[in-house]
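Below you'll find the structure, written out as C-alpha cells, and then a few comments.
Bear in mind these aren't lab numbers, they're just calculated from the coordinates by the rules spelled out. Bear in mind the structure is a predicted one, so any value in this text is a computation, not a measurement. All Cβ positions, even for glycine, are placed from backbone atoms using ideal geometry, and neighbour counts span all protein chains on display.
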Amino acid sequence: MKIRTLAVGLMAGALVLTACGKEGSPTDSGQQAQTAEQNVTVAGSPTFDKMKAAGKAIIGVKEDQPGLGYKDPTTNTYTGFDIEIAKLVAAKLGFGADKVEYKPVPSAGREQAISNGDVNYYVGTYTINDKRKQQISFAGPYFVAGQGLLVKKDNTDITSKETLKGKKVCSVTGSTPIQNVREKGYTEPENIVELQNYSQCVTQLDTGQVQAVTTDDAILKGYAAQEQEKFKLVGEPFSKEPYGIGLPKDDKALRDKVNDILQASFDDGTWQKIYDNTLGKSGSPAQKPALERY
C-alpha cells in the first residue's frame, strides 16, 4: 500500500459525506445537508457581527487528517467528522455550505489565527486545556479522544498497552503519544519507531514493519474506517483529549450559542449521524461528551 493510498482512499471509499466545490467554499452533496437557519442573531457577539458583515463563515480546519479534516488536492474537497461539525455550526448560525470558507491552519498557529481574527472559529482536533484558555475560549467538547492503538485486523497478540512489550510501535517524531510509550516503558526503546507523519506509520503497519501505531484514537479511527478490512483499534484509550471549537477569548455570546448548537445535536441525534458516517465507519463506538460551560 502506498502512502498516497491512505489519503486518496478516503474519498474513493466514500468514508464521509462529500462537500464538493471550489477551494474554501464547497457545496453540500445533499446526502446530509445542513440547511442554513434564517434570521439568526447572536446579541453581543462581535465575531458573529463580523461574519454577518462579510456574508460568510471563515472556519479554521485541518486538511491532512483522514476521517477528521482532509482536503483532496485534486478537487479541493473537504471531508471528515470535524468538517461536518464545522458545517453544522455554520448552518445553525445562518451560513449554508456556499457561505463557508475553510482555512487550513496548522496546530502551532491556531491561537494566533483565532486571536487575530483570521478565522471566526476553529474545528480541528483541538484539545481543550487551561493554557490555551488563556488566549482563546472553547465551546464543547464535541468529542473526547484518547491515546489508542491501531493494529492489523488479524492481530490477536496486541489487545492493550500492556501487551506492547516486544512489539514495534510507531508514531510521529516528538509526539506526546510516542513519548508516553517511551516514558511508561510500554515497549523497549529499540522497538519505538518515529516517522514524520501517521500515513508513513500506517504504511509500515500494513507491510509488517511495525505491529502497532499509536496517537489520538480519533485519528486512528479515520485510518481504520478507510481500510476496514485491514485495521482495527484495540484496548481502551489511555489518555483524555477533549476536542473543542476554538473561539475568540471574550466572545461569550458566541460560545454560548455554539454550545447550544452542539447540545441540540447531541439531543436530536445529529451528532450520532455525523459520527456514524465518518469516524464510526471504523467500527469503534463513541459516547457523546458533556459540554463544558464556563
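Each peptide among 90-100, 146-156 gets the average number of other Cβ atoms lying within 10 Å of its residues, and from highest to lowest they stand as 90-100, 146-156. Its alpha carbons considered, the chain gives a radius of gyration followed by a Dmax of 18.9, 60 Å. Model label points for D256 and K133, set 7 angstrom from Cα along the Cα-to-Cβ axis, are 1.8 nm apart. Exceedance of the 26 Å cut-off in Cα-Cα distance is limited, within the set K99/K273; K184/K240; K103/K153; K62/K168; K56/K131; K50/K288, to K103/K153; K62/K168; K56/K131; K50/K288. Taking 15 Å as the cut-off, the amide N atoms of the range 168-184 that come nearer than this to a point 7 Å along the Cα-to-beta-carbon line of D157 belong to 168-170.
With the alpha-carbon atoms of the range 147-234 aligned to their principal axes, the span from lowest to highest coordinate is 32, 26, 21 Å, starting with the largest. The antiparallel fraction among DSSP beta bridges confined to the chain stands at about 65%. For Y294 and E194, a Förster radius of 51 Å and the Cβ-Cβ distance give a FRET efficiency of 0.90, rounded to the nearest 0.05.
Over the chain, DSSP H runs of length four or greater, each weighted -39,500 (n - 2.57), average out per residue to a 222 nm ellipticity of -9000 deg cm²/dmol.
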